[in-house]
1. For the chain, which longest stretch is free of loop sites, where a loop site is one of the GluC sites (Glu not before Pro) that DSSP puts outside H, G, I, E and B and that has at most 14 other Cβ atoms within 10 Å?
2. Can you bin the chain into rounded, prolate or oblate? Criterion: square roots of the alpha carbon gyration tensor eigenvalues sorted a ≥ b ≥ c, rounded for a/c under 1.5, prolate for a/b above b/c, oblate for the rest.
3. For the chain, which longest stretch is free of loop sites, where a loop site is one of the chymotrypsin sites (Phe, Trp or Tyr not before Pro) that DSSP puts outside H, G, I, E and B and that has at most 15 other Cβ atoms within 10 Å?
4. As an exercise, identify the trypsin sites (Lys or Arg not before Pro) in segment 95-188 lying in DSSP coil whose Cβ has no more than 12 other Cβ atoms within 10 Å.
5. Quick check: from the Cα gyration tensor, does segment 226-426 come out rounded (a/c under 1.5), prolate or oblate?
6. So which DSSP H runs in the chain come out at 30 Å plus along the axis (Cα) with average Kyte-Doolittle of at least 1.0?
7. In a shell of Cβ-Cβ distance under 15 Å around W325, excluding W325 itself, what net charge do Lys and Arg (+1) and Asp and Glu (-1) give?
8. Nothing charged except the Cβ atoms of Lys and Arg (+1) and of Asp and Glu (-1): what's the magnitude of the dipole of segment 226-426 about its Cα centre? Round to the nearest 20 debye.
Amino acid sequence: MINNFLQNKGIEKKIMRTQLSLEAKKILFSVFLTNIGNGTHTIAMSLLMYRNTGSVVAFGFVIIFEHFVSFLLQFIAGSMVDRGNPKWICVICDVGRGIIIIAISLAMSLTDQWFYYVIALTLVINICKPFYQSATFSIIPNLCKGEMLQKFNAMVGTSSQLGTIIGTVSAAPLIAFMDTSFVILINGVTYILAGLAIAWALIPKIETKESIVADVWIGNLWSDWKEVFYLLKRETSLWLHSLISATDFLVIMFFNLTLVPMVTKKFQENYFWLSAFEFSFAAGAVVTSLFTTRIIRRVGATRLSFIGITMQGVLLVLYAFFDHWLAIMLISFWLASWNVLSIVVMLSTLQQRCVGPIRGRISSLRQLSVLFLTSILVPLVSYGTDHSLSTGYFLAGSLCLLIGMVVWILRHPKLFGESLLHKKIKSDP
C-alpha cells in the first residue's frame, strides 16, 4: 500500500512536471489569437498580389521587403529587449499594430490603391515584429525549463497552427463574400486581443543589462553588439546554429510562396484547395507537437537537427511529382510534422545555451540569419516557380537537402559534435 502511494506520488510529480503553467498558457493563447488573423491575412495578401500581377515574384518581393524592414530594426530590437521589459514591449507591439491595421483596413474599403496598402501593412506589421520576436524569445525560458521549454515551443507551433486553421479555413468564404479589407480588419482585432492576453500574464523578473553609457543610447547599442560580435568570433558554433535554424522558417515561406500558383495551375483556380492544403499543413504541425518532446528524447536533438531539414527537402521535391489532392495533402501534413520537430530542436537549444541578458540579441541574430537567407533564396525560388512549378519545388527542396548535408557534416565529433547546438554562451551582465 505504501509502495502504491509512493508510486502514485511519483506519477503525480511527473504529471506536474509536464504541465505548462497558467502564465505560459496565456502566452500560448496570445499566439493563437494572433495566428487567426495571420492565417486570413496571408491568404488575402497572396491572392491580392497574384490577382493584380499574375506573378509569384511580386509576392516574393513583398516578403523580401518585409525582411528588409525587419533587418533595419533587428539591432535596435535585440539591445532594447536585453535592457528593457520584454513583457511590455510585446504588449505595446501587439496593441499598437492592431490599432493601425484596423485604420488601414477602413481606408482600404474607401479606395482601390491596393499597392500602397500592401506596403503600409507590410511596414506596420514588420516594424513591430523584431521587437516582439526578441521579447518572446527572452520571456519563454523564464517560464519553462528543460523539457518544458521544448514542450512550450512545440505548443507554440500547435497554437499557431490551430489559429492558422481557423484563419485559413475561414479565409476562402470571407474573401468570396466580403471585401479584402474586412479580412485585414480581423487581423488588427486579433493583434489587440493578443496584446491584452500578454498584459494579463504574470512574467517572472528577467535579468537585464545596466546602461553603461549614461544618457547616450547609441553608446549602449554599440557596446551591446560589440559584445555579440566578440562572441561570434570566439564561438563559431553560435552563428552556425543561428544560420541553420533559419532553414525551417524558409520552408514555411517556400510553402506559402508556392501555394497559390500550385492551386491556380493544378486545380484550375479553385481556391477551396488553398484552405484545404493549409489545413493539412496545420494538422501535421498540431499532431506532431503532441509527441515532440518524446521524439526528441528518443532520437536526440543533434541527430534530429539534420534529419528534420533533410526530410523537409525531400518532401518539397515530392510536390513536383504529384497532382492529386490527396497526395498533396499528405505531403503537406508530413512537411509540417518535420518542420515542427526541426524548429523545436533548433529554437529550444538556442534559448537554452544563452546565459544572462543576451537572449534578445541572440533572437535578433537568428532573425538576421533568416533575412540573409531569404534575400538570397526567396528570389531564386520565386523565379524558378514563375518558370515552372516543378522547377520552384526542385530548387526549394535541393536547397534544404544541401543544408541538411552541411549539418550532418558539422555534427561529426571531429568538427563540432554536440557543441554545435549545446555549448553554453554567457553574456556580461
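1. Looking at the chain, 1-206 is the longest stretch - no exposed GluC sites (Glu not before Pro) with at most 14 other Cβ atoms within 10 Å.
2. Cα axes put the chain in the rounded bin.
3. 1-290
4. The qualifying sites are K145.
5. prolate
6. 56-83, 86-108, 114-143, 180-200, 236-266, 325-352, 389-410
7. Its environment carries a net charge of -1.
8. 1160 debye
The values are calculated or read from the model by the stated rules, or taken from the named source; none is laboratory data. Keep in mind the model is a prediction, meaning the values are calculated, not measured. Neighbour counts are summed over all protein chains in view; Cβ atoms, including those assigned to glycine, are modelled from backbone coordinates with ideal geometry. Accessible surface areas use protein heavy atoms only, side chains included; no ligands, DNA or RNA. Shrake-Rupley method; radii C 1.70, N 1.55, O 1.52, S 1.80 Å.
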